[in-house]
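**Student:** Quick one: the structure is below, questions incoming.
Just so it is clear, none of the values below were taken in a lab; they were calculated from the coordinates. What you are looking at is a predicted structure, and each value in this text was computed from that prediction instead of being measured.
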Amino acid sequence: MIGHFDWIPLPGNMVEATEKLIEKHNPKWKFGGGRGIYPEWPRDLAIAGFRNIETFSFDVDAIYSHEAWRGRIRASAGVGASLEPEQIATFDDELRAMLAKRWPEDPIPVMHRVFAAIGAAP
């Protein structure tokens, strides 16, 4: 089994706004806009010799407090793994302000997609 758990940016949602903020602070980050579907995985499994391959997906809301979402994003490749400490602090301040203004609900549901590909071992 290969599995993935991705946040899903939709027009106007908190994820899309967060990704735009990441791109503002880190223009080199090119991993936004994901759909949470990986059509190449069945082929990869078949090449590796797996058979009876199936895929499935479903959406769930992961519940984040503002603090937890900020921590999740600070730890991401686009922020914590790429920016200098002072840049991270500036980013985090902007994210905190954006959440408080646009999404005052705390905690908040964040749509994620589970995608999996399964197959029988060779």
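**Student:** Taking 0.36 nm per intervening residue step and subtracting the Cα-Cα distance, what contour gain separates residue 56 from residue 77 on full extension?
**Tutor:** That works out to 4.9 nm of additional length.
**Student:** Residue 2 to residue 101: extension gain in nm, 0.36 nm per residue of separation minus the Cα-Cα distance?
**Tutor:** 31.9 nm
**Student:** Here is a follow-up. Share of Cα-Cα pairs in region 19-76 beyond 13 Å, in percent?
**Tutor:** 75
**Student:** Could you work out Rg/(2.2 N^0.38 Å) for the chain, with Rg from alpha carbons only?
**Tutor:** For the chain, the normalised Cα radius of gyration is 1.25.
**Student:** Given the Cα-Cα distance of residue 31 and residue 94 and 0.36 nm per residue of separation, how much length would full extension add, in nm?
**Tutor:** Extending this stretch completely gives an extra 20.7 nm.
**Student:** If you don't mind, there's one more thing I want to ask. Which whole-number percent is the relative contact order of the chain (Cα, under 8 Å, 6+ apart)?
**Tutor:** Answer for the chain is 46 percent.
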